[in-house]
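These notes are about the structure you will find just below.
Coordinate-derived values only; no laboratory data. These numbers were taken from a predicted model, which means no experiment stands behind them. All Cβ positions, even for glycine, are placed from backbone atoms using ideal geometry, and neighbour counts span all protein chains on display.
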Amino acid sequence: MGVLWFWLVGCMIVAYVVLDGFDLGTGILHLYVARNEGERRMVVQSIGPVWDGNEVWLLAGGGTLYFAFPWLYASAFSGFYLPLMMVLWLLMVRGITLELRNHIELGVWRALLDGLFGLSSTLLTIFLGAALANVIRGVPLQADGYFFLPLWTNWQPGMHPGVLDWYTVLGGLLACAALAMHGALWLSVKTTGAVESRAIRSVPVLWGAVVALTLLSVPATMMVQPATLVNYNRFPITYIIPFGVALCLGGALIFHRKGRVLKAFGCSSGYLALMLVGACWGLFPTLLPATTGADRSIRLEDAISSPYTLHVGLLWWIFGIGLAALYFSISYWMFRGKVRSDSMHG
């Protein structure tokens, strides 16, 4: 049951990154691809019916983590208190800008809201990427299982790092570039006219940045956390995961050049999913590595809930995920096709 719940939580995080990832990427590119009010409305409408539903996966993942791995939840959410508060505020600012921009007719307020939408989306992707890099690198867990991280120290990974160092900043930049490319491909699928053209032109540049940052992140991860290779070396068949990452990156550019933007978007989704799966596999069965000694790391068998909790929770999880899958299927089916300027509304 512990292994099952580890991967169920991992799948929910993957669902959040893939689905809300194109929302965030759209926000990053918002001010570049849209040059007037009509184009900005098109960009917002391209995610309008689904963005808030996509964010539910983040809440569901946090809730699942709470009852499946309560010790991990308590330790991580106390130690990451400062960055989590920043993420919370960025999520609120982003949601407010999307909801209010169509209710305020003054151009100066819309310009302010559009700027905040782009800024909050960009910072949110950087913070989420840095958060994942923090988990991979490890945190200074104490004997009682808790820790504290300042925002930064000397910008170096080590026994007592900060939230931000060169490795976590690299992770944040990679997340920003990858989700921006994901958003550009989504806009290529969903929009028309000048917005679509600008989104299509931005993909090769963003693709190059993603490839460069991915190539930098691999040796950086092996240097900062060598234990991530243990599972791969023990089960060499799992090297198919990084091979799949490379295949998806190549497919995204090839399909984009052929004009098959939906397949390119699928490859981008595969890249994000496999990057996260690869990170989970590299850590397993450790849930949160400790920079203060491997014996202080939070492992699967230490943090798991009781068997009764997991069995009952699994029944409710299946029921809830079934409803969510039905909702998303209906929502995306009704929202299929391109957003056109003559069919937009507030």
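Assorted remarks:
- Expressed per residue, the C-alpha convex hull volume of the range 109-174 stands at 96 Å³.
- Normalised by residue number, the volume inside the convex hull of the Cα atoms of the range 1-130 is 102 Å³ per residue.
- Here's the picture: a label point sits 7 Å out from the Cα of His103 along the beta-carbon direction, and within the range 48-73 the residues with their amide nitrogen under 19 Å of it are 48-53.
- Dipole of the chain computed with +1 at Lys/Arg Cβ and -1 at Asp/Glu Cβ about the Cα centre; of Val312, Leu59, Ile254, farthest Cα towards the positive end is Ile254.
- Length added when fully stretched, Trp71-Trp281, from 0.36 nm per residue minus Cα-Cα: 73.6 nm
- Proxy reagent accessibility, fewest Cβ within 10 Å first, across Met334, Met1: Met334, Met1
- Extension gain, Ile318 back to Val3 (0.36 nm per residue minus Cα-Cα distance, nm): 111.8 nm
- Other residues whose C-beta falls under 9 angstrom from the C-beta of Asn54 contribute a net charge of -4, scoring Lys and Arg +1 and Asp and Glu -1.
- Of the residues Val203, Phe148, Ile28, the one whose Cα sits farthest toward the positive end of the charge dipole of the chain, with +1 on the Cβ of Lys and Arg and -1 on the Cβ of Asp and Glu, is Val203.
- Cα extents of the range 241-306 along the three principal axes, largest first (Å): 51, 26, 15
- When the convex hull of its Cα atoms is projected in every direction, mean area for the range 129-227 (nm²): 7.8 nm²
- Reciprocal mean inverse distance between Cα atoms of the range 9-343 - Kirkwood radius, Å: 20.9 Å
- Residue-count net charge about Gly21 - beta-carbon cut-off 14 Å; Lys, Arg +1, Asp, Glu -1: -2
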